[in-house]
Each structure stands twice: as C-alpha cells, then as structure tokens.
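K.L.:
Following this message is one structure expressed as structure tokens.
The values are calculated or read from the model by the stated rules, or taken from the named source; none is laboratory data. Just so we're clear, the structure is a prediction, and the values are computed from it rather than from any experiment. Quick reminder, even Gly has a Cβ in these numbers, built from the backbone with ideal geometry, and neighbours come from all protein chains shown. Each accessible area value is taken on the protein alone, full model and side chains, heavy atoms only, with ligands, DNA and RNA left out. Shrake-Rupley method; radii C 1.70, N 1.55, O 1.52, S 1.80 Å.
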Amino acid sequence: MDGASTDIDGQLPIRLLHDRVLVRRDDGEGERRSLGGIVIPATASVGRRLSWATAVAVGPAVRNIEDGDRVLFDPDERAEVELHGKEFVLLRERDVHAVAASRVEPGSTGLYL
C-alpha cells in the first residue's frame with residue numbers, strides 16, 4: 001500500500017503508519033462448534049488459542065501482508081479499536097504468526113521464523 005490511505009467501508013480514509021496491520025476478526029468470540037458438532041461455550045477453558053482475522057489495511061513498512069489476506073494472531077496481544085461503529089484489531093506485523101493467501105508458495109518461510 002506504500003503509505004496510501006484506505007477507505008474502511010466507504011467512510012473517512014485511514015492511513016496506517018509503520019508496520020501496523022488493521023484486521024477484522026473472522027470469528028465471533030462466543031461459542032463455537034467442534035468438527036464433530038459439539039458446542040463449546042465461550043466460557044470453556046482452553047489453552048492459548050490463536051485467532052484468524054482478515055487484513056483490511058496495512059502500513060507502509062509491512063512486507064508480507066496485503067489487504068484481504070487472512071492472518072493468524074494471538075488475541076491476548078491485541079489493541080482493539082472502533083472505527084465508524086465497527087470493531088477492528090490493530091497489530092504489528094511481527095505479532096502475526098501466519099498469513100493465508102493464494103500468493104503464498106508452498107515451502108516458503110515467513111519473515112520472523
């Protein structure tokens with residue numbers, strides 16, 4: 001994106017600085033279902049669980065993430081922000097554990113491995 005501003009849902013443009021990534025969470029934080037169909041309540045105690053989100057804007061110093069990529073991050077290390085009445089999460093590129101995108105080549109490694 002090289003420092004250009006981005007419209008978030010047709011509202012005022014926003015420009016992220018440095019290595020920041022603005023993402024929208026894909027899943028709700030409520031209950032979820034296992035592959036076998038068992039409902040797991042939101043209050044169930046689980047180990048450290050990472051979350052998926054979709055990148056909606058990236059800063060000029062971000063090298064491995066583009067708008068629309070799905071990213072895996074630790075929800076305990078996040079900064080939540082509300083823009084135009086919608087909830088987003090602001091991350092640094094180094095806080096992203098993985099990127100899922102069609103351009104990712106098999107066998108390639110990430111920047112921070």
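K.L.:
Confirm whether D9 is assigned to a loop (DSSP other than H, G, I, E, B), at pLDDT below 70, out of contact with any helix residue (DSSP H, G or I) (no Cβ under 7 Å at 6 or more places or on another chain) and within 18 Å of A101 (Cα to Cα).
P.N.:
no
K.L.:
If you take the residues in the stretch 50-72 that are open to solvent by 50 Å² or more (accessible area, probe 1.4 Å) and of a type in the set (A, V, I, L, M, F, W, C), which one is nearest to the chain's Cα centre (by Cα)?
P.N.:
Among those residues, the one meeting the criterion is W52.
K.L.:
Answer yes or no: is there a residue in the stretch 36-49 that is closer than 21 Å to V99 by Cα, surrounded by 10 or more Cβ atoms within 10 Å (Cβ to Cβ) and at pLDDT 70 or above.
P.N.:
no
K.L.:
Another question, if that's okay. Give the stretch 12-22 a look and list any residue that's modelled with pLDDT under 90 and open to solvent by less than 40 Å² (accessible area, probe 1.4 Å), or say none.
P.N.:
Those that are modelled with pLDDT under 90 and open to solvent by less than 40 Å² (accessible area, probe 1.4 Å): L16, D19, V21.
K.L.:
Next question, about the same structure. List the pairs whose first member sits in the stretch 64-77 and is assigned to a strand (DSSP E or B), whose second member is crowded, with 17+ Cβ neighbours inside 10 Å and not hydrophobic (A, V, I, L, M, F, W, C), and whose Cβ atoms are under 9 Å apart, counting only residues at least 6 apart or on separate chains?
P.N.:
From residues that are assigned to a strand (DSSP E or B), the pairs are L72/S51; F73/S51; F73/D95.
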